[in-house]
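The values are calculated or read from the model by the stated rules, or taken from the named source; none is laboratory data. The model shown is predicted, which means the values in this text are computed figures rather than measured ones. For neighbour counting, all protein chains shown are included, and Cβ atoms are generated from backbone atoms with ideal geometry for every residue, glycine included.
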Amino acid sequence: MSATEHKAAAPAAVGVFALTVSDTRTEATDTSGQAIRALVTGAGHILADSRIVKDEPADVRVAVLTALANPAVQVVITTGGTGITSRDGTYEAIAGLIEKRLDGFGELFRGLSYQEIGAAAMMSRAFAGTVGHRAIFVLPGSEGAVRLAMEQLILPELGHIAQQLAK
């Protein structure tokens, strides 16, 4: 079956859990999380739940595991904690959960980011993978980076990814 045929058979609406990882953001200041939620629902998908947690690997891991246990969640999208500072621990918190890596996501994201921000794109540790029949996308905390990943990579393939993982 071709990619076009797969996409035609993909669900129109996918359940998404949005997680913001930040020591400083609140509901009022979480522009990256707001962007994820708005883009998900604007594309006709379902926002199953969302949360903000501190940049503590144990808290991040618990939030992701809780989301994965929710049958309404097919995809987890996180924002924040993917840089290289001492407080950036999202990569470490989630990478160990991944069963299958989607290396192409990180490669494509950094390539697109390079076009916008130059060599600083190399510092992004954005990545994606699967856990069971669910996908996880780990995005930077920048609203611009979130919009780039969501609009150019994630949303165009979200239904297709869910359809493939349901097999």
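Quick notes
- Verdict on Ile77 being at pLDDT 95 or above, of a type outside the set (S, T, N, Q) and closer than 27 Å to Ala12 by Cα: yes
- Identity of the residue in segment 40-92, hydrophobic (A, V, I, L, M, F, W, C) and either in contact with a Ser or Thr (Cβ under 7 Å, 6 or more places away or on another chain) or within 11 Å of Val138 (Cβ to Cβ) (or both), that ends up surrounded by the fewest Cβ atoms within 10 Å (Cβ to Cβ): Leu47
- Test result for Val131, in contact (Cβ under 8 Å) with a residue 40 or more places away in the chain, aliphatic (A, V, I, L, M) and buried (at least 22 other Cβ atoms within 10 Å of the Cβ): no
- Within segment 84-102, one or more residues are assigned to a strand (DSSP E or B), within 29 Å of Lys167 (Cβ to Cβ) and either out of contact with any strand residue (DSSP E or B) (no Cβ under 8 Å at 6 or more places or on another chain) or modelled with pLDDT of 95 or more (or both).
- Number of residues in segment 40-74 that are of a type outside the set (Val, Ile, Thr), closer than 21 Å to Ala10 by Cβ and touching a Lys or Arg at 6+ places or on another chain (Cβ under 7 Å): the value is 3.
- Members of segment 6-28 found to be surrounded by 13 or more Cβ atoms within 10 Å (Cβ to Cβ) and either of a type in the set (Asp, Glu) or part of a loop (DSSP other than H, G, I, E, B) (or both), listed by number: Ala10, Pro11, Ala13, Val14, Ser22, Arg25
- Just one of (1) under 27 Å from Gln164 (Cα atoms); (2) in contact with a Pro (Cβ under 7 Å, 6 or more places away or on another chain); (3) of a type in the set (Gly, Ala, Ser) fails for Gly106. It is (2).
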